[in-house]
Every structure is written in C-alpha cells, then in structure tokens.
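**Q** Submitted below is the structure of interest, expressed as structure tokens.
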Amino acid sequence: MKIAFVGKGGSGKTTLSSLFIRHLAASRVPVVAIDADINQHLGPALGLAEDDAAALPALGAHLPEIKEYLRGANPRIASAETMIKTTPPGHGSRLLRLVEDNPVYAACARTVHLDRGHRDDGDTESAGNTGGDTARLMVTGPFNESDLGVACYHSKVGAVELCLNHLVDGRDEYLVVDMTAGSDSFASGMFTRFDMTFLVAEPTRKGVAVYRQYKEYARDFGVDLAVVGNKVRDADDLAFLRAEVGDDLLVTVGHSDWVRAMEKGRPPRFARLEEDNRRALRTLHERADATYERRDWARYTQQMVHFHLKNAESWGNAKTGADLAAQVDPDFVLGEREREQHEQLPRPAAAASAQPA
C-alpha cells in the first residue's frame, strides 16, 4: 500500500506520518518510509539523532544507479541517460517490492529501530534497547549550496517518482511518503502514485487552503483523499473543520504529551502514546487497508503514461535528445501478475544489505 502525507508547512504532517509509521511497525507490518519533503525532518521524528539523519544517503545522489537498475533489459529504453522521473516500466524493466533486498535499498535505505533509546515512565533510560519495531528509511536529501539557482525541488524527488512507477506492492506492506509542503507535488504526476493520501489540516483558513487546492487538482484523477485534523483543541475547532472539509474529515488529533517528549528527543515507549491518538492511527490504518479492494492497476498505468508523455513533450525530449514517447510499452500493465513474473527472473545481488541506523 502506498500512502502519502501532505499539508501546508507547519501543519504537523511529518509528525503524523512518523506516528503512522511507528503504528505500522508496532503492528508488525513491513514498512518503507521516504522523506520527500524539501525540509528533511522525518528521520529525527523517527528517533534518529540529527547527525545520523544528516548522514543518510540521498536518493538523488544515486539516481544514475537507480535508473540503470530499473531499466533492466527494457528494449524501449536506449540508455539510463534517457530515463526521466516519469519513465514508466515496460517488459524487461526491473520492478521493486517493499519486502525484498535489492541494489536500490542497499544504496539508499537504512533500517531504523523505532523504540531504541526510549524512556520508561519519563525517568529511566533504557540504554541499548533495539526493540522489535523497525522501518526502512530513505530520503531525497536536502538542498545544498550547489543546488541554489540551478536546481529545483522536483529534481530532488525524481528518484522517488521513478521508484514509485516501478513498485509493485501488496496489501500487508506499506510505503509511507512524507511529501513536500503545500501543493508542489502537483508539478509532476507523483500525486497520483498513491493508494491513499492523508491531508493534515489545522483548524484555520490557511490550514484548509491546501485541502481545497488538493481537492481541485485531484478531482480528475481519482485520488483517494482524507483529511486528518491536527491541533484540534475543542468543539469549535472540530466544527470549523467539519464545515470546511465535510465528509473528507476522517479523524482529528489533539495535544500529545508523547509527541512533545519525542520532539525533545526523549520519547517514551510507543505503547504509551495516548489512547485517543492510538485510536486515530488505527482509523488511518483501516481506511488505507480498505483502498486495496478498489485498486485499478490499468488506470494507474495509464496515469503514468499520461504524465510521462506530458513531461516528454514539455521538457524531456529536449533535455535528453530522444523521443521519450517511444519508451511507452502499450502492452504493459503494472500489477500483481507482473510481480509474479518479476519474482521468477534472476536479479543482481544487492551490493549490501540495508544498514541499521
């Protein structure tokens, strides 16, 4: 299942996505997390020290290798250099699974132990605890001085979009992406890559403005959207959100002492998260699971092709010097059957297993 968390800056989407990741891991659900926000905060929200989070390998830095791996033996792609972020898979392409080991994960994913170094009852440090709850974490990487004036945010997430296009995931495994703030993700087709999009909104006019943009943009693409009301303090806040977003309001979240302790770098065991907030996370999980029955792999593939052709015409052909429309395999539909065939094909061994962080 592919899940996106979106919202305006400061809405709490990174906090909510990190809590959902912790909930999935605590439920023993395999989960891969991707920080696709321009501000890289997901690692610390999952318990990494700032220095460890900053040292995570960036997907963008490994884009050439990712392209070469995903290209595989697809005869429609002349070279990895002609692949752009929207290039769809075809016969011969290598596909990704969430629960496998492959060179992409070996280079870019790190295993995070989510209950390591927790505090018990707020006073006793449990040093060396590794717990059983883990997630694989990948990051786009932050902007640096060399990017200023020559690169945009979307160049950073090209590797994420390529991986999403080549991913065949199952029901009881999750990819959770912390997206960029606001409506920037609509500059490409990545917003259509998810089974479920949770939009985190505060009970303010600015808080629901991004919801209106998302709702309008997503209307023609069948994007499954639900609103998570955050920082809801009282009945007036709740009434405001209900009036503004209607039936799209799925659940609300209020103040959390657990989150405050986590933000100070001293999180208790995740099992000590307030029951109201644990119930909210279970609701998100149930809603995401329910989308599986509505999956339409043919439409998913058609949307990939639609945005690839738009990007090819607007800038891709000129940049690569190739006719990128020729990369589209008209007989290929991504889906469960393709995954089964993919599993029977030999794959190169991963350079190394995902390393713990």
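The values are calculated or read from the model by the stated rules, or taken from the named source; none is laboratory data. All of these numbers come straight from a predicted model, not from anything done at the bench. Methodologically, a virtual Cβ is constructed for each residue, glycine included, from the backbone with ideal geometry; neighbour enumeration extends over all protein chains shown. Accessible surface is based on the protein model in full, side chains and every heavy atom, while ligands, DNA and RNA are left aside. Shrake-Rupley method; radii C 1.70, N 1.55, O 1.52, S 1.80 Å.
**Q** Name the single residue that is modelled with the lowest pLDDT among those in the stretch 96-137 being more than 17 Å from the chain's Cα centre (by Cα), surrounded by 19 or more Cβ atoms within 10 Å (Cβ to Cβ) and aliphatic (A, V, I, L, M).
**A** L114
**Q** Can you tell me which residue is nearest to K2 (Cα to Cα) among those in the stretch 273-307 that are open to solvent by less than 50 Å² (accessible area, probe 1.4 Å) and of a type in the set (S, T, Y)?
**A** The extreme case among them is T291.
**Q** Test of understanding: among L56, L70, which residue is assigned to a helix (DSSP H, G or I) and within 21 Å of D101 (Cβ to Cβ)?
**A** Checking each option against the conditions leaves just L70.
**Q** Identify all residues within the stretch 311-339 that are part of a helix (DSSP H, G or I), in contact (Cβ under 8 Å) with a residue 60 or more places away in the chain and open to solvent by 20 Å² or more (accessible area, probe 1.4 Å); write none if there are none.
**A** Selection gives K319, T320, A326, E336, R339.
**Q** Restricting attention to the stretch 25-53, which residues are open to solvent by less than 40 Å² (accessible area, probe 1.4 Å) and part of a helix (DSSP H, G or I)?
**A** Hits for the stretch 25-53 are A25, L42, G43, P44, A45, A53.
**Q** Another one. Quick check on S93: is it among the hydroxyl-bearing types (S, T, Y) and modelled with pLDDT of 80 or more?
**A** yes
**Q** Okay, next question. Only one of (1) within 26 Å of P330 (Cα to Cα); (2) surrounded by fewer than 20 Cβ atoms within 10 Å (Cβ to Cβ); (3) out of contact with any Lys or Arg (no Cβ under 9 Å at 6 or more places or on another chain) fails for E81. Which number is that?
**A** All conditions pass for E81, except number (3).
**Q** Just one of (1) touching a residue at least 40 places away in the same chain (Cβ under 8 Å); (2) out of contact with any Cys (no Cβ under 9 Å at 6 or more places or on another chain) trips up I66, so point out which.
**A** The failed condition is (2).
**Q** OK, next. Only helices (runs of 4 or more DSSP H) wholly contained in the stretch 179-272 count here; list those with 2 or more residues that are open to solvent by 80 Å² or more (accessible area, probe 1.4 Å) and within 15 Å of G7 (Cα to Cα).
**A** Details: elements: 205-218, 235-245, 257-263.
Qualifying helices (runs of 4 or more DSSP H): 205-218.
**Q** Does R278 fit the bill of being among the charged types (D, E, K, R) and more than 24 Å from the chain's Cα centre (by Cα)?
**A** No: the conditions fail for R278.
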